[in-house]
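Report on one structure; see the data block that follows.
The values are calculated or read from the model by the stated rules, or taken from the named source; none is laboratory data. Every value quoted in this text rests on a predicted model; they were computed, and no experiment measured them. Cβ coordinates were reconstructed from backbone atoms using ideal geometry, including for glycine residues, and neighbour counts include every protein chain displayed. Just the protein is used for accessible areas: all its heavy atoms, side chains included, with ligands, DNA and RNA removed. Shrake-Rupley method; radii C 1.70, N 1.55, O 1.52, S 1.80 Å.
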Number of protein chains: 2
Amino acid sequence: MARIDYPEAVGKLVEELRRLPGVGPRSAERMAIWLLQSAKADPLALATALEKAKAEVVACPVCGFFATAERCAICSDHSREPVICVVEQATDVLPLERSGAFRGRYHCLGGKLSPLDNVTPEDLRIGSLLRRIDTEKVPEVILAPGSDVEGEATANYLASILRGRCQVTRIAQGLPAGGGLEHADALTLARALEGRRDL
Amino acid sequence: MARIDYPEAVGKLVEELRRLPGVGPRSAERMAIWLLQSAKADPLALATALEKAKAEVVACPVCGFFATAERCAICSDHSREPVICVVEQATDVLPLERSGAFRGRYHCLGGKLSPLDNVTPEDLRIGSLLRRIDTEKVPEVILAPGSDVEGEATANYLASILRGRCQVTRIAQGLPAGGGLEHADALTLARALEGRRDL
């Protein structure tokens, strides 16, 4: 009696789904079966969306955000202020955009300094940031990497090389909106006190 | 200043990923970004696996398990015993196979009786089961729908129409292997007592 398993094509699909972030072997199997069995599933639409996104979407050569044309929608928007907000990843741009609090341009570093992971300044898009500051006549660079250790190190490194070229600021750290003092950790409170402002 | 969002192709990919079972809007976005940005990702391999699985995999016309040829690997295996194990879904076959405790054939109903969801006997593959019992000279049918209310109802319904045609049995209910009494619910314990055997 031969050992039975799913047909090879199903196994291959499970294997590919399993590589997605947050998907384990059980959920990959569940997704594959759903894709093949459910009347609501449309595996070919997903396949087409993957192929189309892979073919069309590139990193904007100027700022690193997602683009389908020569430049991304933000870099081609001439009504934007010349201020540059430096973020770690292209995925950090939309949260800032949705806040509605920033009307300038962005620069995605593509990561943060992390000696343990062998990420050095040469691995980040810092050279192109320096060129932009010169050519775009940037009055201010807002440093907005995350507030973890690597993010802080990246912000400090950038501040040291940008100082003198333009105004350099760091986004504020403190209590998150709606957060009570009892839920804040000690470091957040220390930074919130440090960053206090006159009223 | 125009409202910025991901390029349309990314949005479409997020939308398609979001339809997968167990995937919410945040994880769909995370998956899409990973697929487009990670060096380890291979979106075209996933697209190909989807297309290939969709094109190659069909339900076996005899038993309903996954097949790529005219019949599935189990139905084409002539060394199997003529006993039929009736399960709800094609996905219930492999767990039974992996147990190594069954050497017969299977029949996937494609669901279970559930008046609340409008699933009636006509929606299940019962006619083809009756034909198989006649043509394959089946000595025994093992009823293995789940042990929930609908599974029990389905097993009882099948038992009522199969009685007289062949021997009809139901897989046992009781303590799961490795389960202590303190973790078992009352219904499981009641059924374990009911189904006790002489030693």
Per the protein assembly as shown, sqrt(5λ) over the Cα gyration tensor eigenvalues, sorted largest first, in Å, gives 59, 26, 18
Magnitude of the charge dipole, chain A, Cβ model with Lys/Arg +1 and Asp/Glu -1, debye to 20: 300 debye
Loop-only check: which trypsin sites (Lys or Arg not before Pro) in the range A:95-187 are DSSP coil with at most 14 other Cβ within 10 angstrom? A:Arg103, A:Lys137, A:Arg165
Reachable lysines from B:Lys54, Cα under 29 Å, same-chain residues fewer than 8 places away excluded? A:Lys12, A:Lys40, A:Lys52, A:Lys54, B:Lys12, B:Lys40, B:Lys112
Starting from one equal scatterer on each C-alpha and no solvent at all, send me the Debye-based log10 I(q)/I(0) for the range A:1-57 at q = 0.13 Å⁻¹, two decimals. -0.39
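Between B:Ala45 and A:Glu194, what FRET efficiency comes out of the Förster formula 1/(1 + (r/R0)^6) with R0 = 35 Å and r the beta carbon distance, rounded to 0.05?
Working: r = 49 Å, r/R0 = 1.39.
The calculated FRET efficiency here is 0.10.
Return an integer: the convex hull volume of the alpha-carbon atoms of the range B:66-173, in Å³ per residue. Intermediate values should be presented prior to the final figure.
On the way: hull volume 11.9 nm³, N = 108.
Measuring per residue, one finds 111 Å³ for the Cα hull of the range B:66-173.
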Distance between Cα centroids, the range A:44-68 to the range A:82-147: provide it in whole Å. 21 Å
Find, to one decimal place in angstroms, the Kirkwood hydrodynamic radius of chain A, where the mean of 1/r is taken over every pair of different Cα atoms and then inverted. 20.5 Å
Projecting each Cα onto the charge dipole of the protein assembly as shown (Lys/Arg +1, Asp/Glu -1 at the beta carbon, about the Cα centre), which of B:Gly24, A:Pro21, B:Leu36 comes out farthest on the positive side? B:Leu36
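To check you understand DSSP bridge types, tell me what percent of the beta bridges within the protein assembly as shown (both residues inside) are antiparallel, rounded to 5.
Values: 6 of 30 bridges.
Approximately 20 percent, going by the DSSP bridge assignments.
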If amide H atoms are modeled at 1.01 Å from N in the peptide plane, then the residues at a separation of 5 or more from B:Tyr106, or on another chain, having amide H under 5 Å from its own are B:Cys85
For B:His183, what accessible area in Å² do you get when you roll a 1.4 Å probe over the heavy atoms of the protein chains, rounding to the nearest 10? 150 Å²
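Accessible area per residue, 1.4 Å probe, Å², for the range A:81-193: what's the number?
Details: 6160 Å² over 113 residues.
I get 55 Å² per residue for the range A:81-193.
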Report, in debye and to the nearest 20, how large the dipole of the range A:81-193 comes out about its Cα centre when Lys and Arg carry +1 and Asp and Glu carry -1 on their Cβ. 500 debye
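Where in the range A:56-135 are there GluC sites (Glu not before Pro) that are in a DSSP coil and have at most 16 other Cβ atoms within 10 angstrom of their Cβ?
Values: sites: A:Glu56, A:Glu70, A:Glu88, A:Glu97, A:Glu122; in loops: A:Glu70, A:Glu88.
Filter output for the range A:56-135: A:Glu70.
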When we measure straight from the Cα of B:Lys137, which aspartates and glutamates land under 14 angstrom away, once same-chain ones fewer than 8 places off are left out? B:Glu81
Place +1 on the Cβ of every Lys and Arg and -1 on the Cβ of every Asp and Glu in the range A:137-181, take the dipole about the Cα centre, and give the residue among A:Gln167, A:Asn156, A:Leu143 whose Cα lies farthest towards its positive end. A:Gln167
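Probe radius 1.4 Å, ligands and nucleic acids ignored: give me the carbon and sulfur share of the accessible area of the range B:66-173 as a rounded percent.
52 percent
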